[in-house]
Structure formats: C-alpha cells, structure tokens
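Student: Right, I'll just put the structure down here and ask away after.
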Amino acid sequence: MPVKWRKAWSSMDFKHVPVLYEECISNLKIRDDGIYVDGTLGGGGHASGIAEHLSRKGMLIGIDRDADAIEAAGKRLSDMECKVELVHGNYSEITDILEKLGVNGIDGALLDIGVSSFQLDNAERGFSYMHDAPLDMRMNRDDGFSAYDVINGYDKNRLTEVIRKYGEEKWASRISDFIIKRRKTGKIETTGQLVDVIKAAIPASARREGPHPAKRTFQAVRIEVNNELEQLERAIDRFCDVLLPGGRLCVITFHSLEDRIVKEAFNRRLNPCTCPKEFPVCICGKVSDVNKVTGKPIVAGEEELKRNPRARSAKLRVIEKKG
C-alpha cells in the first residue's frame, strides 16, 4: 500500500457506542462467578458491562483482531474486580484460544459483528467512505492483504462477484468496469479516489435515492479483505460447542448477509437431523443441544436510535445451551 497515513491516538480516541447494550447484558444472564467471552472486544463497551457484573471469582475473556482495540480496552478494563484475559486474535479460533488459557467451557459469549465505531471514525484505517484515507480496511493491521489489493489486483469478474455478493449492489458490474478503466491511468490508492469512481459509475438518478452510493461497495470490499462471513459461519458452532449447560451466545449483526448466516446456523443447531425429509422417523440420531431464546431478532428501541443512529440496522439473536 504506497500511501501511508497514521496519526497518534489514545484510548480516549477509541469511542465505541455499545449497540443493544442493555439487551445483551440482560440476555447473557450473567453469573458473578462465571466465565464470559466478548469475541469482538472493540473499545470494550460491552465487555466493561459484562465485567461489572462479575466478582473476583469471575473471568472475562476479550478477543479482537485489532491490536489498537486490545490496548484501548485493556485500559478501560484495568480496574475491574474480575480476572480479565485479552487476546489479540480471531473469535473464530475460540476453541484454540480457550485451550491456551486452560479454560474448559464458558458461561456466555457475545459477538458484535462488523466494523467498530473506532475503525469507522478513524480516517487512516480506510473503512469509511466519508473520509479520504489510504485504501486499507484491515481489522488486523498485521495482515498483508488490504482493500488496496482488492481494488487494484482483482480482475473485472472477481470484482463484480465481490461487490454483488457481499454488497448486494445492483450496479456491481458497472462499478467494477469503471474501476478497471480507472486503473489504466494509475493505481487507486485512497478511499476518496474509490468513492469518485463509484459515483461516476452509478447513474445520477440512482444516486439521488437511498444510502451513500459507495456504502455497499465499501461493505463488500471490507468483508472480502477480512474474510468476515466465513469467520462468522465457522464461529457459531464452535461457540455453541464450548458453552457450558445454561450458557448463552448473543450475536449482533448489522446487515442481511450476517443475520442470515446466524439465523441458519442457529436453526441447524436447533434441528440437527440430517435424515431425508421423506423419512417418517429420524434414524440419524442427532439431537439438538441448544434452546432458542429469541424467535424474531431483538432490535433497538426509539430511545437508543436517538442516541446512536448506527443501531438502526442492528439485530440481536440469542441461543442457549441445554442442561
């Protein structure tokens, strides 16, 4: 990535407004001596709420791909009474993480999927179409693959597939075509340059309605860079596996692709039978080890939406281990 911008920041810069905070804390049914995991630590907003409900016998494990998040949340959680373990890693590797910590099972977990407020609001991270910055979008800055590589390295067919699949963008083919043409005059190095290309690709009549014209493409590229949907799909069963009896998994999603993965993964866990539908009785012997807590997803109320407009698309689903 030729263009590099980086500014100094402190933990106070890491502003994270916890979405559906009360609903998450309530649905986790926190025991003061339990072990709980925040798999998407961010600025520590949800994590601090969990930790406040734990005694010195309890444990909070915080996981994040972003080293800046680990540093900031560590300061925020430093005065908590419970034991706190912070891990720079990917929540989808929960089984290995717990094994390294010597933990055999957990009493609850929270996953707040997607990009954090800090990452969106800090221009140099390249997640936002509202700030001009280097094309980055890496949740883990140690990764070598970035948005720059997607935009400047993928061919037209692959770009179209990513933008259409992960952004659900109907102008995907036209946008990728414009990106390829723009690359002939030089590399696309910044978010501002990419926004200009997207705006040029989408007809003016279409740009006058709906969200920002670059929103869907930026979402798609971010998901591709960080392999987000595959990580989420792998993680659901792994978290269900490590839940202790009565333990709960809470998952917050922000768009239909994420929510569909969570809903379908929960349903597979609730109905694990693999017998053909025409069989009169089950012969595979697979039985569910979880209970459904939420039918329809929990969404933000009017008061929260006034405080935090980003909560508008948030959906919370909860599942509980039997026993």
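Student: Identify all residues within segment 24-43 that are crowded, with 20+ Cβ neighbours inside 10 Å and over 29 Å from Ala67 (Cβ atoms); write none if there are none.
Tutor: Hit for segment 24-43 is Asn27, nothing else.
Student: Looking at Glu168 and the list (1) at negative phi; (2) among the charged types (D, E, K, R); (3) open to solvent by 50 Å² or more (accessible area, probe 1.4 Å); (4) in contact (Cβ under 8 Å) with a residue 12 or more places away in the chain, which single condition is not satisfied?
Tutor: So Glu168 meets the others, but not (1).
Student: Would you point out which residue out of Leu135, Leu111 is among the hydrophobic types (A, V, I, L, M, F, W, C), more than 30 Å from Lys263 (Cα to Cα) and either open to solvent by less than 40 Å² (accessible area, probe 1.4 Å) or touching a Ser or Thr at 6+ places or on another chain (Cβ under 6 Å) (or both)?
Tutor: Working: Leu111 fails: more than 30 Å from Lys263 (Cα to Cα).
That would be Leu135, the only listed residue that is among the hydrophobic types (A, V, I, L, M, F, W, C), more than 30 Å from Lys263 (Cα to Cα) and either open to solvent by less than 40 Å² (accessible area, probe 1.4 Å) or touching a Ser or Thr at 6+ places or on another chain (Cβ under 6 Å) (or both).
Student: Sticking with this structure for a sec: Taking the conditions exactly as written (at pLDDT 95 or above, surrounded by 21 or more Cβ atoms within 10 Å (Cβ to Cβ), within 26 Å of Met139 (Cα to Cα) and within 16 Å of the chain's Cα centre (by Cα)), does Leu229 satisfy them or not?
Tutor: Details: at pLDDT 95 or above: yes; surrounded by 21 or more Cβ atoms within 10 Å (Cβ to Cβ): no; within 26 Å of Met139 (Cα to Cα): yes; within 16 Å of the chain's Cα centre (by Cα): yes.
No: the conditions fail for Leu229.
Student: Another question, then. Can you tell me which residue among Glu304, Glu264, Glu233, Glu258 is in a helix (DSSP H, G or I) and over 30 Å from Lys165 (Cβ atoms)?
Tutor: Numbers: Glu264 fails: over 30 Å from Lys165 (Cβ atoms); Glu233 fails: over 30 Å from Lys165 (Cβ atoms); Glu258 fails: over 30 Å from Lys165 (Cβ atoms).
So the residue among Glu304, Glu264, Glu233, Glu258 that is in a helix (DSSP H, G or I) and over 30 Å from Lys165 (Cβ atoms) is Glu304.
Student: Then there's this: Here are some conditions: (1) among the hydrophobic types (A, V, I, L, M, F, W, C); (2) at pLDDT 95 or above; (3) more than 23 Å from Val262 (Cα to Cα). Phe118 meets all but one. Which one does it not meet?
Tutor: For Phe118, the exception is condition (2).
Student: Report yes if Glu124 is touching a Lys or Arg at 6+ places or on another chain (Cβ under 6 Å), part of a helix (DSSP H, G or I), acidic (Asp, Glu) and open to solvent by less than 70 Å² (accessible area, probe 1.4 Å), otherwise no. Even if it seems obvious, please write down each step before you answer.
Tutor: On the way: touching a Lys or Arg at 6+ places or on another chain (Cβ under 6 Å): yes; part of a helix (DSSP H, G or I): yes; acidic (Asp, Glu): yes; open to solvent by less than 70 Å² (accessible area, probe 1.4 Å): yes.
Yes, satisfied.
Student: Suppose we filter segment 277-301 for residues that are under 16 Å from Thr253 (Cβ atoms) and outside any loop (DSSP other than H, G, I, E, B); how many remain?
Tutor: The number of residues fulfilling the criteria is 1.
Student: Restricting the first residue to segment 287-304 and requiring it to be within 18 Å of Arg268 (Cβ to Cβ), which pairs with a second residue that is modelled with pLDDT under 95 and surrounded by 12 or more Cβ atoms within 10 Å (Cβ to Cβ) meet a Cβ separation below 6 Å and a spacing of at least six or different chains?
Tutor: Every condition considered, the pairs that remain are Ser288/Pro272.
Student: Same structure, new question: Hey, among Lys277, Lys306, Lys263, which residue is at pLDDT 95 or above and open to solvent by 60 Å² or more (accessible area, probe 1.4 Å)? Give the derivation first.
Tutor: Numbers: Lys277 fails: at pLDDT 95 or above; Lys306 fails: at pLDDT 95 or above.
One residue alone meets the criteria, Lys263.
Student: So, of the residues in segment 238-255 that are closer than 10 Å to Glu320 by Cα and outside any helix (DSSP H, G or I), which turns out to be most open to solvent (accessible area, probe 1.4 Å)?
Tutor: Here is the first cut: in segment 238-255, the ones closer than 10 Å to Glu320 by Cα are 240, 243-250.
Remaining after also requiring outside any helix (DSSP H, G or I): 243-250.
Values: Leu243: 8, Leu244: 66, Pro245: 89, Gly246: 37, Gly247: 1, Arg248: 26, Leu249: 0, Cys250: 0 Å².
Among those residues, the one meeting the criterion is Pro245.
Student: Assuming Asp143 fulfils every condition listed in (1) touching a Phe, Trp or Tyr at 6+ places or on another chain (Cβ under 8 Å); (2) open to solvent by 10 Å² or more (accessible area, probe 1.4 Å); (3) in a loop (DSSP other than H, G, I, E, B) apart from one, which condition is it?
Tutor: (1)
Student: Have a look at Leu77, Leu60 and point out the one that is over 20 Å from the mean Cα position of the chain (by Cα) and farther than 25 Å from Ile223 by Cβ. Steps first, please.
Tutor: Values: Leu60 fails: over 20 Å from the mean Cα position of the chain (by Cα).
Exactly one of Leu77, Leu60 is over 20 Å from the mean Cα position of the chain (by Cα) and farther than 25 Å from Ile223 by Cβ, namely Leu77.
Student: Somewhere in segment 250-257, is a residue under 18 Å from Leu28 (Cα atoms), touching a residue at least 24 places away in the same chain (Cβ under 8 Å) and out of contact with any helix residue (DSSP H, G or I) (no Cβ under 9 Å at 6 or more places or on another chain)?
Tutor: Checking segment 250-257: not a single residue is under 18 Å from Leu28 (Cα atoms), touching a residue at least 24 places away in the same chain (Cβ under 8 Å) and out of contact with any helix residue (DSSP H, G or I) (no Cβ under 9 Å at 6 or more places or on another chain).
Student: What residue, among those in segment 110-134 that are of a type in the set (A, V, I, L, M) and touching a strand residue (DSSP E or B) at 6+ places or on another chain (Cβ under 6 Å), is farthest from Glu189 (Cα to Cα)? Break it down into steps so the answer makes sense when it comes.
Tutor: The initial filter retains those residues of segment 110-134 that are of a type in the set (A, V, I, L, M), namely 110-111, 113, 115, 120, 123, 130, 133.
Restricting the remaining residues to those that are touching a strand residue (DSSP E or B) at 6+ places or on another chain (Cβ under 6 Å) gives 110-111, 113.
On the way: Leu110: 35, Leu111: 32, Ile113: 27 Å.
Of everything passing the filter in segment 110-134, Leu110 is farthest from Glu189 (Cα to Cα).
Table: residues versus (1) within 28 Å of Glu168 (Cα to Cα); (2) of a type in the set (D, E, K, R).
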{"residue": "Asp237", "(1), (2)": "yes, yes"}
{"residue": "Asp241", "(1), (2)": "no, yes"}
{"residue": "Leu244", "(1), (2)": "no, no"}
{"residue": "Arg248", "(1), (2)": "no, yes"}
{"residue": "Arg260", "(1), (2)": "yes, yes"}
{"residue": "Ala265", "(1), (2)": "yes, no"}
{"residue": "Glu302", "(1), (2)": "yes, yes"}
{"residue": "Arg310", "(1), (2)": "yes, yes"}
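The values are calculated or read from the model by the stated rules, or taken from the named source; none is laboratory data. All values derive from a computational prediction rather than experimental measurement. We place every Cβ from the backbone using ideal geometry, glycine too, and count neighbours over all the protein chains shown. Just the protein is used for accessible areas: all its heavy atoms, side chains included, with ligands, DNA and RNA removed. Shrake-Rupley method; radii C 1.70, N 1.55, O 1.52, S 1.80 Å.
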